[in-house]
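The values are calculated or read from the model by the stated rules, or taken from the named source; none is laboratory data. Everything quoted here is computed from the prediction, not taken from an experiment. Virtual Cβ from ideal backbone geometry, glycine too; neighbours counted across all protein chains shown. Areas reflect the complete protein model, heavy atoms only, side chains present, ligands, DNA and RNA absent. Shrake-Rupley method; radii C 1.70, N 1.55, O 1.52, S 1.80 Å.
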Amino acid sequence: MKTPDELIDDLLTLSFAEDVGDGDATTLSTIPADAMGRQHLLVKEDGIIAGVDIARKVFEKFDPTLKMTVMIPDGTPVKKGDIAFVVEGPVRSLLQTERTMLNIMQRMSGIATTTARYQARLNGLKAKVLDTRKTTPGMRLLEKQAVKLGGGANHRIGLFDMILIKDNHVDFAGGITKAVQRAKEWCREQNKDLKIEVEVRNTDEILEALSAGVDRIMLDNYTPERTAEAVKLIREKNPAVEIESSGGITLDTLRAYGEAGVDFISVGALTHSVKGLDMSFKAEK
């Protein structure tokens, strides 16, 4: 299994392959090979900056001679007109890395900004907003990193680091009890220590999940009112079990779920339909 750093390196390799190819025809034909220059990242919209550390990896991978000076680190609130960092070195390298860096930074910053907006709705409550696996293929690690920079928390990274038994698993396995038993047996056989979460649809499934001994219960497509009732029941039976709300929760309804007493609220919109934060990489004359 590849490490996070290896996966990010693979992503950058693919990004350069699809964008630069065998060379930027415009830049190579118009800019002398020995030309040196300097560009800065200009923030054009208020939000949370994210992706600065990855931007450094972009520049270092393409041309180690590029020198980056950071003024605003990851996770910092920014305003229109702020300059996040400056990069200097061969102009050809600056121009050929510009789009890859901006694509990553705009998306990560958009996700961090959106996450901060959602988490702010939960101020004063214990509930934490979670991401999902509804991410851009190849960019999951970066998008989940952006969620954390925005003040949210990560759900499982992929299918390998947590057991989440959803309705289809339950139906195919023959019920929650059988599914959880098999999951525990598999973990013992594989010598894995993974949390087990079960998605439930009604009170009977909640009781069955509690009896099976799960670590977390996901209340799927519950109303805030039903959620409050479910939380009361779960806390009475086993206060140690974590509770997560999921399914169609919006910025407008988020706080009602938090006030119902859940520990986590998963929101696919943090990553699957977010707007990038506006910024540009401007040349300094």
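Brief remarks on what is shown
- Partner aspartates and glutamates whose Cα lies under 17 Å from the Cα of Lys61, excluding those fewer than 8 positions away in the same chain, are identified as Asp5, Glu6, Asp9, Asp10, Glu18, Asp19, Asp22, Asp24, Asp53, Glu88, Glu98.
- Viscosity 1.306 mPa s, 10 °C: Kirkwood-radius Stokes-Einstein D of the range 193-242 over Cα pairs, µm²/s: 146 µm²/s
- Derived value for the range 238-277: Kirkwood hydrodynamic radius 11.4 Å. Basis is the mean of 1/r over every pair of different alpha-carbon atoms.
- Extent along the principal axes, Cα only, for the chain: 71, 41, 23 Å, with the longest axis given first.
- Sum of side-chain charges, Lys79 neighbourhood, beta-carbon under 11 Å (Lys, Arg +1; Asp, Glu -1): -1
- With Rh defined as the Kirkwood radius, the inverse of the mean 1/r over Cα pairs, the Rg/Rh of the range 115-159 is 1.00.
- Within a Gaussian network of the chain (alpha carbon springs, distance under 10 Å), most fluctuating of Pro224, Pro77, Pro32: Pro32
- Relative to the dominant Cα principal axis of the chain, helix 203-212 is inclined by about 80°.
- Charge context of Ala127, other residues only, Cβ under 12 angstrom, K/R +1, D/E -1: 0
- A 1.4 Å probe run over the protein chains yields, for the chain, 50 Å² of accessible area per residue, whole-number rounding.
- Pairwise centroid distance, computed over Cα atoms, of the range 201-216 with the range 234-285, Å: 23 Å
- Using distinct alpha-carbon pairs, which all enter the 1/r mean, Kirkwood radius of the range 1-54 in Å: 14.7 Å
- Structural size metrics of the range 88-243, computed from C-alpha coordinates, are Rg and Dmax of 19.8, 65 Å.
- Debye, to nearest 20: dipole size of the chain, +1 on Lys, Arg Cβ, -1 on Asp, Glu Cβ: 480 debye
- Max mean-square fluctuation residue, GNM over the chain, Cα-Cα springs under 10 Å, options Glu208, Glu98, Glu185: Glu185
- Cross-link pairs exceeding 32 Å between alpha carbons, from the set Lys126/Lys237; Lys134/Lys178; Lys128/Lys282: Lys128/Lys282.
- Exposure check, 1.4 Å probe, all protein chains in place: Met36 carries approximately 130 Å² of accessible surface.
- Structural size metrics of the range 179-285, computed from C-alpha coordinates, are Rg and Dmax of 18.6, 69 Å.
- Heavy atoms of His169: accessible area, 1.4 Å probe, square angstrom to 10: 100 Å²
- Most mobile listed residue (Ile217, Ile54, Ile31) in the chain, GNM with C-alpha springs under 10 Å: Ile31
- Here the range 43-85 was treated as a single set of alpha-carbon atoms; its pair distances binned every 10 Å from 0 give 29, 49, 22, 1 percent.
- From the largest down, the range 51-112 spans 30, 19, 17 angstrom on the principal axes of its Cα atoms.
- Kirkwood Rh, angstrom, the range 1-130 [1 / mean 1/r, Cα pairs]: 16.2 Å
- Scoring 11-18, 209-216 by mean Cβ neighbours within 10 Å over their residues and listing the highest first yields 209-216, 11-18.
- Surface share of carbon and sulfur [accessible, 1.4 angstrom probe, percent] for the chain: 51 percent
- Value of [θ]222 nm, deg cm²/dmol, for the chain, DSSP H segments ≥ 4, -39500 (n - 2.57) each, nearest 500: -14000 deg cm²/dmol
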